[in-house]
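Right, one structure below, let's go through it.
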Amino acid sequence: MHHTSLPPIAWGFTSQNFLGFIPPSLDAARSFLSDARLQGLQWIELRDPDAVLSLAECQELAAYAKLLGLEVNYSAQRGLLAGDLSVILPRAIANTACFNGPRTLRILALRGSDAYGWTDDEFAAVLKQAKQAASMAAKQGVSLSIENADVALFGKSGAYRGMDDFFSQLDESILWQLDTANLFLGPVAVSPNQAAAFIQRFASRVSYLHLKTAGAKTALPILADNPLAFGSILNLLAEHKRLYVVIELASDESPAAIKTNFQNGLLYLRQIGLRS
């Protein structure tokens, strides 16, 4: 199956795939960039959960990426309600601003006390936090992207707020980092049709994608058929001039196994007509 109407796609991987074995460091990041170049990829998501890389290290990495002809999106790992978000944010924004690529500060939509979404108080807090983070990021020429992590896609009136409520309340300059597996791994089951409707509604906000496969209860360490097919998801985003997509895999027994899974993922994408 070929998807002739798709916009140009920049393919890459996220260093999250290896985080269980390789902690963030300057040397590790340089190695990831070299690997991406050797594999003919266009970019990487450089995951640094606690923003431990220094500004000088990110500047050095940005120069190396430019030399290799690669783009990078730097990515810390915090939820909107994290107690230390205000500590992480300035470092994450400054590091993100070093690189050419999506240039977006990624923050997770994570639940607070509710089992499904956000309480009204939490909802007010995440809206405030998102607006403040977006304002801080904009001063350094960086956008804000919120990843659909573990909050229900659809809120339930009188019970909890969901991702649909969240994006509906925010300016369209606040973007969506779309995770294709998390659509189906949240606390409230959604059908492929419901997920497609959600994507269609907020398609213009998508900054980049984690192409990841949802299993019955968790994400898989391989790329395989997703409940909503990857081709269908990308077709819903056909109005974008360019799409940034990284392959994200759940961890496996070793870095070598993860690399093999990644290579098989590239083959899978060719088999389904998404890569030439």
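Every read-out reported here was derived from the displayed coordinates using simple, explicitly stated rules and does not represent laboratory data. Predicted, not measured: the structure shown is a model, and the values here were computed from it. In this analysis, Cβ positions are derived from the backbone assuming ideal geometry, glycine residues included, and neighbour counts consider all displayed protein chains.
Quick rundown of the values:
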| read-out | value |
| --- | --- |
| Separation in nanometres of the label points that stand 7 Å from Cα toward Cβ, at Phe21 and Ala115 | 3.8 nm |
| Candidate aspartates and glutamates - alpha carbon under 16 Å from Lys139, same-chain residues fewer than 8 apart omitted | none |
| Among Ser157, Leu144, Trp43 the positive-end extreme of the charge dipole of the stretch 9-271 (Cβ point charges) | Trp43 |
| Percent antiparallel among DSSP beta bridges (both partners in the chain, rounded to 5) | 10 percent |
| Stretch gain in nm, segment Asn264-Leu6, where the contour uses 0.36 nm per residue and the Cα spacing is subtracted | 90.7 nm |
| Simple spin-label estimate for Ser168 and Ile272 in nanometres, 7 Å along Cα-Cβ | 3.0 nm |
| FRET efficiency for Ala229 and Arg30, using Cβ-Cβ distance with R0 set to 35 Å, rounded to 0.05 | 0.50 |
| Debye, to nearest 20: dipole size of the stretch 9-271, +1 on Lys, Arg Cβ, -1 on Asp, Glu Cβ | 500 debye |
| Max mean-square fluctuation residue, GNM over the chain, Cα-Cα springs under 10 Å, options Leu185, Leu68, Leu220 | Leu68 |
| Cα-based shape type of the stretch 9-271, given that a ≥ b ≥ c are square roots of the gyration tensor eigenvalues and the cut on a/c is 1.5 | oblate |
| Inter-label distance for Ser157 and Gln132, nm, one decimal - labels placed 7 Å from Cα along Cα-to-Cβ | 3.2 nm |
| Within straight-line cross-link reach of Lys128, aspartates and glutamates at Cα separation under 17 Å, skipping those fewer than 8 residues along the same chain | Asp84, Asp120, Glu147, Asp164, Asp165, Asp171, Glu172 |
| GNM flexibility winner over the chain from Thr213, Thr104, Thr260 (Cα, springs under 10 Å) | Thr260 |
| Candidate lysines - alpha carbon under 16 Å from Lys156, same-chain residues fewer than 8 apart omitted | none |
| Choice from Leu170, Leu178, Leu228 with maximal GNM fluctuation in the chain (Cα, 10 Å cutoff) | Leu170 |
